[in-house]
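A short write-up of the structure that comes next.
The values are calculated or read from the model by the stated rules, or taken from the named source; none is laboratory data. All figures in this text were calculated on a predicted structure; none of them were measured in a lab. Backbone-built Cβ (ideal geometry, glycine too); neighbour counts: all protein chains shown. These area figures cover heavy atoms from the full protein model, side chains too; ligands, DNA and RNA do not enter into them. Shrake-Rupley method; radii C 1.70, N 1.55, O 1.52, S 1.80 Å.
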Amino acid sequence: MLRIDHIVFPVWNAEVSLAFYRDVMGFPLIASHTGDNWGGYPWLMLFFSVGDGREIVLVALKGAKCPPADGLAKDVRHLAFAESSHKSLQRWRDKLRERAIAFWEEQHGSQHSLYFEDPNGVILEITAPPSRPKRQPSRSALAAAQKWLAA
């Protein structure tokens, strides 16, 4: 079974993004690379370790403009991280409030989640307890998806 290795996001302010992912999220910056031409832009890539052998990579393209909003709900696209327990979410609430980062909370069955934006508008979620996905396909999930698609 495949597993996620890394995820890449464009950023519009590399300095603020570096500080956010290093200081707020607590991810160590483990590598950076630069170049002169990626789609016509000088570029900077920032590699952060998320502590489980996976990485978040931020790409700054000097002079590139942020695309306009597409009208979808802002949390349709988001990246979720897991904490070990509901109790551990309090540390995140405190950290986000201390740094004046707006967040909202949602309950999803047994999981409780905090949602907030990074400096580039990427929605991040911290949920607890961690998801425990099944490794086998679900016939009922497929049937529900096919029913929705047929409607």
Task: Convex hull of Cα atoms in the stretch 39-106, direction-averaged projection (nm²) - done: 7.2
TODO: Measure off, as a whole percent, the carbon and sulfur share of the 1.4 Å-probe accessible area of the stretch 29-151, all protein chains present.
DONE: 56
Open item on the list: So, taking all protein chains as they sit and a 1.4 Å probe, how much accessible area belongs to VAL122, in Å² rounded to tens?
Closed with: 30
Open item on the list: Loop only by DSSP, 10 or fewer other Cβ within 10 Å of the Cβ. Give me the trypsin sites (Lys or Arg not before Pro) in the stretch 1-61 that pass, ordered by residue number.
Closed with: ARG3
Open item on the list: To test your reading of the geometry: what angle, between 0 and 90 degrees and rounded to tens, separates the Cα axis of helix 89-98 from the longest principal axis of the chain?
Closed with: 40
Open item on the list: With bins 10 Å wide starting at 0, give me the P(r) of the chain over every alpha carbon pair, in whole percents.
Closed with: 9, 31, 35, 19, 7, 0
Open item on the list: From the protein chains alone at 1.4 Å, what is the descending order of accessible area for ILE101, ILE56, ILE7, largest first?
Closed with: ILE7, ILE101, ILE56
Task: Dipole moment magnitude, nearest 20 debye, the chain about Cα centre, only Lys, Arg, Asp, Glu C-beta charged - done: 560
Task: Solvent exposure ordering (accessible area, 1.4 Å, most first) of MET45, MET25 - done: MET45, MET25
Open item on the list: So if I restrict to the alpha-carbon atoms in the stretch 107-150, what is the Rg, and what is Dmax, the biggest pairwise distance, in Å?
Closed with: 15.1, 40
TODO: Taking each pair of different alpha-carbon atoms in the stretch 34-78 once, compute 1/r for the pair, average those values, and report the inverse of that mean as the Kirkwood hydrodynamic radius in Å to one decimal.
DONE: 12.9
